[in-house]
Amino acid sequence: MRLALGLLAVLAAAAASQATDKQHSYRNFKLIRINPENDATLAYLKSLYEEESPYTLDFWQPPSHVGGVVDLTVAPSDASSLIRDLSARGIHYIVAIHDLQKAIESERSVASWAHPPKGFGYERYNSLDEIYNELKRLKRERPSLITLIDIGQTHENRTMLVVKIGGGQNLDEDAPSIWMDAGIHAREWIAPATAMFIVRELVEGYETDPKLQAMLDHVPFYILPVMNPDGYEHSRTMDRMWRKNRRPAECHNKEWHTVCCRGVDLNRNFDWYWAGNDAPHISASGSSSDTCHDTYHGPAAFSEPESIAVRDFLEAYPPKAFISLHSYSQMWLIPFGHRRRSYPPDYSSALRPLAIKATKALEAVHGTKYQVGTGADLMYEASGGSHDWAKGALKVPFSYLIELRPRNTLFGNGFLLPEREIIPVGNETWAAIRVVADEVFSQFAQPFLRGKAGKKPEPLTLHKLGHRVTSTEQTTAASRSETTVVETEEPATVPTTTTTRTTPTPKTTTTEAATVEPATLSTVSCEDYGSYCRLWKVFNLCDRRAVQKLCALTCNPQCRV
């Protein structure tokens, strides 16, 4: 009898562990939208989310507070029972999507289904290989602007590829920089698509926009378009609604059967109040110790190769701004998200004012409105988040998590944002990111450049690299390149400032530069903010006012070259 039970347990475990490797259909799954109107409704929904539920549910927007929208999907076999239960309790709901599989199929454009495209498209949701191949193509075309960096590998041996966009191929741990990642949650496809759109805007803008070129020459971007490569590919090929990474299955006994579940929620795996360990009086809100839960925080902080790779890179090259792209809700989230009414010291003086300025720029593009605040205050508490860790542990001055379109399922299909919205989302998000980038340049790069007024600019020196800088022929999704190590002198010291400035400095903005006539350039530093200045003079472009301001040394005859 024991042998038979043991054999059954083994077979059940094998079946359970393999279940997630079968292609998942969402035919006739329904998306239910609920607005909890009282504490009783909220408590009931929280019990379904946090405890073992009698229904097969997937919470897209978990219950947080009275009046906070809750989105959940339910399997066809449980839909009727759940709806009867909601009605019996007097809970108002709407069926936002009647057939989730049809919504998944409608996510792609008609042209993509009729004629599957080859290669990369900025208006499409692309595979990991297509994204990496596009980055390598950009690297081949602009080798002096773009560097590809392999920062680590995943559970399934995929490369985590960071693209650096900025003047010069080398890394400098003291230079002010901006970090952006996307796709930490596999099913949030609009995030990697938006990250790639911003890559294109940076690359093309460097050739045409003097202010952007000046910024990138001194404040490079480091962009990780897909932070969860394994999960992203699994969501494309096997289970569109997969969220976590692909950590091997962990099994545990559950009454009369064995349950095996894979994956860790990477945005609960960072060491900032991870599982509530840093403050025992605080519950591990927003994360779970259940391996089968979508918010499983992992066996330990930084237990996953993906979060380890990001941590190690950012500790070696700490940025001045940290931006993580997610979906959905149209929110610009500020630390801290682990507890309501918990804020960094510079929340009101620096973080929130810049966030409001950025969201106003975003709204000006297509009229899209964003809420600004902490995730805990606006949605729900979540411990172990990457942007909280970046601000709280790494002390990054500006750290944000951006929840992209749509606002909710009344105005879209939640995670299943149609491809036709990729370009509008990219345009408006870039307008907001540009505001953050301009602030970083104004606050951290320009004071250093002004301090060198009258001196010929010197190239920044470098530290020895510990990461892999790839060539255009290296870095496939499943293989690593040979290590390229750059050795130079110790880095020059770049002065930093606190997040609250006492002496404001002029900012570079996305609007046209202030009018500067040649006669007044003598009052401006005779400094060139980029090596491109010589080219403007060669091509007789010094009559442009923006160029006059940025390239005083070469364009102003009163300055000596």
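Overview of results
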| item | result |
| --- | --- |
| Distance (nanometres) between label positions extended 7 Å along Cα→Cβ at Arg341 and Lys46 | 1.6 nm |
| Alpha-carbon radius of gyration plus Dmax, which is the widest Cα pair, for segment 198-238 in Å | 15.0, 45 |
| Label-zone membership for segment 24-40, site Ser127, 7 angstrom Cα→C-beta point, backbone N under 17 Å | none |
| For segment 224-270, accessible area per residue (1.4 Å probe, heavy atoms of protein chains only), Å² | 33 Å² |
| Euclidean distance between Cα centres, segment 207-234 to segment 351-428, Å | 17 Å |
| For Ile97, residues with placed amide H under 5 Å, excluding near neighbours | Leu31 |
| Burial order of peptide ranges 100-108, 51-59, 264-272 (average beta-carbon count within 10 Å, highest first) | 264-272, 100-108, 51-59 |
| His326, His98, His24, reordered so the largest accessible area comes first (probe 1.4 Å) | His98, His24, His326 |
| Coordinate range along principal axes, alpha carbons of segment 242-366, Å, largest first | 56, 36, 31 |
| Greater than 20 Å apart at Cα, pairs in Lys320/Lys395; Lys211/Lys395; Lys369/Lys395; Lys360/Lys395; Lys164/Lys360; Lys139/Lys244 | Lys211/Lys395; Lys369/Lys395; Lys360/Lys395; Lys164/Lys360; Lys139/Lys244 |
| Vicinal HN-Hα couplings computed from phi for segment 39-52 (Karplus, 6.51 cos²θ - 1.76 cosθ + 1.60; Hz; Gly/Pro x) | 5, 5, 5, 4, 5, 5, 5, 5, 5, 5, 7, 8, 10, 5 |
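The values are calculated or read from the model by the stated rules, or taken from the named source; none is laboratory data. Fair warning: this is a prediction, and the values are worked out from it, not measured in the lab. Because the Cβ atoms are built from the backbone with ideal geometry, glycine has one as well, and the counts that use them run over all protein chains shown. Accessible surface areas use protein heavy atoms only, side chains included; no ligands, DNA or RNA. Shrake-Rupley method; radii C 1.70, N 1.55, O 1.52, S 1.80 Å.
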